[in-house]
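Structure first, then comments.
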Amino acid sequence: MDEICALYEKKIKELNPVIREISYDISYHYNFIDDLADMSALVYDHSIQTSLPYDQQWIKQKTLQHLENWHHRDNIS
């Protein structure tokens, strides 16, 4: 999920090179994922020793959880 967030933030910085600090709403991140027509994730499942495919909706859910955890960690420090 770090890479997906980094990909989105890189795109924002490319579009807004003079803005030093950027904040965004999760809906913008979701739109970015939706605009990537063929985004999916293969995640290795140790219990069955194979990779399972996940769709954009799953990626959105995991990205939201990732950002919430990141925000929570940031506020504790």
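A count restricted to segment 1-42 and to residues that are touching a residue at least 60 places away in the same chain (Cβ under 8 Å) and farther than 17 Å from ASP55 by Cβ stands at 2.
Among the residues of segment 28-49, write down those that are hydroxyl-bearing (Ser, Thr, Tyr) and farther than 22 Å from LEU67 by Cα. Before the answer, list the steps.
Of the residues in segment 28-49, the ones hydroxyl-bearing (Ser, Thr, Tyr) are 28, 30, 40, 44, 47.
SER47, the sole residue that qualifies.
Residues in segment 1-40 that are touching a His at 6+ places or on another chain (Cβ under 8 Å) and among the charged types (D, E, K, R): ASP2 alone. With respect to being among the charged types (D, E, K, R) and out of contact with any strand residue (DSSP E or B) (no Cβ under 7 Å at 6 or more places or on another chain), ASP45 falls outside the description.
Every number in this text was worked out from the coordinates using simple rules, so none of it is lab data. Predicted model only: the values in this text are computed from it and were never measured. Every residue, glycine as well, gets a Cβ built from its backbone with ideal geometry; the counts of neighbours run over all protein chains shown.
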